[in-house]
Every structure is written in C-alpha cells, then in structure tokens.
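Everything below concerns the one structure shown next.
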Amino acid sequence: MSKLKIIRYGAWAAVIVLAFVTAVTLITQVIAPSANRSTLQPAAIGGPFELVNAAGETVTEADLEGKPSAILFGFTFCPDVCPTTLSEMQGWIEALGPDADKLNYLFVTVDPERDTPQVMGDYVAAFDERIKGLSGSRQQVDAMLQAYKVYSKKVPLDDGDYTMDHSAAVYLMDADNRFFGTIAYNEAEETALLKLRRLVKETPEAS
C-alpha cells in the first residue's frame, strides 16, 4: 500500500471518529438531564391557591412550604384513574419508609360540587392518613387548576348524571412550591420512587 493511500485512510478514519464523537456529544446533551434544574421547572406551573381541608381549615401554598409535595387532581366519583393512583401513592408512602414523612401528599378535587371537604377527607382516609383531601368553592378550585395547568372538563352521561375528564399525572413540587416534574398515570413503581427520592434528596429543607 502506498504512503499516499495510508495517509488518505488515516484522514478518513479521523473524520469518522470525529463525526462519531460529535454525534455522541449531541445525543448526550439532549438526553442527559441538565445540571441546572431550573430548565425543568416552568414558572407557569404552580402558584398561590386557597382551598379547604376536611376539618374546614383553609389551606394555601404557604402551608406546603418546607416540604416537597406530590399532588393528584381528581374526584371521588372517578371510576378507575383516581383510586388506582391513590393506591399507588399509598404504596409509594410505604416503600419510602422514613423519607415518606418528608413530603406532602394532596388529592385535590376537580369536582367541588359533589366533593365537599368532608367527602374528600373521608375518601382519602381509606388510603393513607398522610394523604390530605382538599376542596373549596368552584372559583377556588378553578383558580388552582388554572395555576397548575390542569385539564378538567365535565362530561354529561346518558342517565343525566356526569363524570369528569381530567389530567391524570401526579404533580411534583419542591419545598418552595416550584414545579419539579410529574409521575405519569400507571408509571412503573421503581421509576416513581426514583423521582420521589430524588425530589427529597434535592430539597435541602426536607433533609
């Protein structure tokens, strides 16, 4: 093989290696989570709210500060999504052990006309006492749904009753009530627990 061919092959090999390294770098930048978590917490999600707990006490975002939170929006007449997710939340609480007490757990109704504060309290009591049910007036609930960008729609049924279509994800907020991420409906338990443990770990106030 001539010296010129060797030089050419060497140059081609260098180009291929450079292209591969560049591609890997770009893929890593896209897939890998940013070291600055501010890119993962849109300011548009979350904000002030004022609701009522089962004891008739006013609850606001200030009552959550100091601990990160896992928030589910739903309603007590929900046939599957809400009871399934609350059962999963109960499992997360048990699996987290001592770390479970470092988080707030909320179930916020999207149907305050039927879900009074007392109804919400009785409903969540069947799962875990650390899960707090919240309701309020239609105006109060709608204000929180808007702040958290939660989809909710009343759907009429043939018998004259209605059901509610709504967002199914669990919203994760840090100890300063900033958006941290979500746990999807029916997400694998191992993945959900990783997110919750990361939320606790990355929140100094919860340590």
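The values are calculated or read from the model by the stated rules, or taken from the named source; none is laboratory data. All of these numbers come straight from a predicted model, not from anything done at the bench. Please note: Cβ atoms are built from the backbone with ideal geometry, for glycine as well, and neighbour counts cover all protein chains shown.
The residues on offer are 163, 203, 182, and the sole one that is farther than 22 Å from residue 80 by Cβ, out of contact with any Gly (no Cβ under 6 Å at 6 or more places or on another chain) and hydroxyl-bearing (Ser, Thr, Tyr) is 203.
Is it true that residue 155 is more than 14 Å from the chain's Cα centre (by Cα), in a strand (DSSP E or B) and modelled with pLDDT of 95 or more? For residue 155, the condition - more than 14 Å from the chain's Cα centre (by Cα), in a strand (DSSP E or B) and modelled with pLDDT of 95 or more - is met.
Just one of the listed residues (76, 85) is in contact (Cβ under 8 Å) with a residue 40 or more places away in the chain, in contact with a helix residue (DSSP H, G or I) (Cβ under 9 Å, 6 or more places away or on another chain) and either within 15 Å of residue 167 (Cα to Cα) or in a strand (DSSP E or B) (or both), namely 76. Within the stretch 127-138, is there a residue that is aromatic (Phe, Trp, Tyr), buried (at least 21 other Cβ atoms within 10 Å of the Cβ) and assigned by TED's automatic domain parsing to the domain that holds residue 174? No: the stretch 127-138 contains no residue that is aromatic (Phe, Trp, Tyr), buried (at least 21 other Cβ atoms within 10 Å of the Cβ) and assigned by TED's automatic domain parsing to the domain that holds residue 174. When the stretch 62-79 is limited to residues that are closer than 18 Å to residue 112 by Cβ and touching a Phe, Trp or Tyr at 6+ places or on another chain (Cβ under 8 Å), the one that is surrounded by the fewest Cβ atoms within 10 Å (Cβ to Cβ) turns out to be 76.
For (1) of a type outside the set (D, E, K, R); (2) assigned to a strand (DSSP E or B), each residue gets a yes or a no:
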position: 89; (1), (2): yes, no
position: 99; (1), (2): no, no
position: 106; (1), (2): yes, yes
position: 111; (1), (2): no, no
position: 115; (1), (2): no, no
position: 118; (1), (2): yes, no
position: 124; (1), (2): yes, no
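Quick check on the stretch 167-179. Is at least one of its residues in the same structural domain as residue 110 (by TED's automatic domain parsing), touching a Pro at 6+ places or on another chain (Cβ under 8 Å) and in a helix (DSSP H, G or I)? So far as the stretch 167-179 goes, no, none of its residues is in the same structural domain as residue 110 (by TED's automatic domain parsing), touching a Pro at 6+ places or on another chain (Cβ under 8 Å) and in a helix (DSSP H, G or I). Against the condition over 18 Å from residue 203 (Cα atoms), assigned by TED's automatic domain parsing to the domain that holds residue 183 and either in contact (Cβ under 8 Å) with a residue 24 or more places away in the chain or not in a loop (DSSP other than H, G, I, E, B) (or both), how does residue 62 come out, does it pass? Judged against the criteria, residue 62 is not a match. With respect to the conditions (1) in contact with a helix residue (DSSP H, G or I) (Cβ under 9 Å, 6 or more places away or on another chain); (2) assigned to a strand (DSSP E or B), residue 186 falls short on a single one, namely (2). Among the residues making up the stretch 106-147, those that are of a type in the set (D, E, K, R) and closer than 16 Å to residue 89 by Cβ are 128, 129, 130, 132. Please determine whether any residue of the stretch 141-155 is among the basic types (Lys, Arg) and touching a strand residue (DSSP E or B) at 6+ places or on another chain (Cβ under 6 Å). Within the stretch 141-155 (the criterion being among the basic types (Lys, Arg) and touching a strand residue (DSSP E or B) at 6+ places or on another chain (Cβ under 6 Å)), the answer is yes, since at least one residue qualifies.
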